[in-house]
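Notes follow once the structure below has been shown.
No value in this document is a laboratory result; all are computed from the given coordinates. These numbers come from a predicted model, not from an experiment. Ideal geometry is used to build each Cβ from the backbone, glycine not excepted, and the neighbour counts take in all protein chains shown.
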Amino acid sequence: MQENYGASPVVVAARRLVERMLADQALAPDLLVRELHVSRRTLNRAFAGEGESLMAYVRRRRLENALADLTGSESRLSVTEAAARWRFADSSHLVRACRKRYGQTPTQYVRTRSRNVS
């Protein structure tokens, strides 16, 4: 992952663990601090210099994966299915996250991406 360049060892380890557990409902800061054998304060402090918090990183990666699933050439997932797969509370939560980050709904995002590929 290129975003690990220059990151602290705690951040690198946390991101690796997050990537392995991204679709896991149990993914939470308490789980990460137990697995990494660090305090919550240490984990938060490590992410403080990264420009986004640990859970902001988790939300961004889940959004990116949900959108990748929706734009995949063989994708047959609905927005609701992608939201469930990547642990959004529901499809409207995925829609709001996409609109906030990209200024469009997942459906609009998929259409825009497919037009740019064609």
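Structural descriptor for the chain: relative contact order 19 percent, calculated from alpha carbon pairs under 8 angstrom and at least 6 residues apart. A Cβ-based charge dipole, computed about the Cα centre of region 54-118 with Lys and Arg at +1 and Asp and Glu at -1, lands at about 280 debye. Each helix, a run of at least 4 DSSP H residues, gives -39500 (n - 2.57); summed and divided by the residues of the chain, these come to -20500 deg cm²/dmol at 222 nm. Here the 3J(HN,Hα) profile of region 100-113, calculated from phi with Karplus coefficients 6.51, -1.76 and 1.60 at θ = phi - 60°, is 5, 7, 10, x, 7, 6, x, 4, 5, 4, 4, 4, 4, 5 Hz, Gly and Pro shown as x.
Using C-alpha pairs below 8 Å separated by at least 6 residues, the relative contact order for region 54-118 is 27 percent. Considering the options Gln104, Gly49, Trp86, tell which one lies farthest towards the positive end of the dipole of the chain, charges being +1 on Lys and Arg and -1 on Asp and Glu at the Cβ, about the Cα centre. Final value for the positive-end residue is Gln104.
Shape class for region 1-51, computed from the alpha carbon gyration tensor (a ≥ b ≥ c): oblate, with a/c not under 1.5 and a/b at or below b/c. In this structure, Arg20 and Arg76 have a Cβ-Cβ separation that, at R0 = 22 Å, corresponds to a calculated FRET efficiency of about 0.30.
Shape class for region 64-118, computed from the alpha carbon gyration tensor (a ≥ b ≥ c): oblate, with a/c not under 1.5 and a/b at or below b/c.
Among Leu27, Leu36, Leu94, the residue with the largest mean-square fluctuation in a Gaussian network model of the chain, with springs joining Cα atoms closer than 10 Å, is Leu36.
Looking at the square roots a ≥ b ≥ c of the eigenvalues of the Cα gyration tensor of region 48-93, which shape do they give, rounded for a/c under 1.5, prolate if a/b is larger than b/c, or oblate? In terms of gyration-tensor shape, oblate.
Converting phi to 3J(HN,Hα) with the Karplus coefficients 6.51, -1.76 and 1.60 and the offset θ = phi - 60°, region 28-45 yields 7, x, 4, 5, 5, 5, 5, 5, 8, 6, 10, 7, 4, 4, 4, 5, 5, 5 Hz in sequence order, with x at every glycine or proline.
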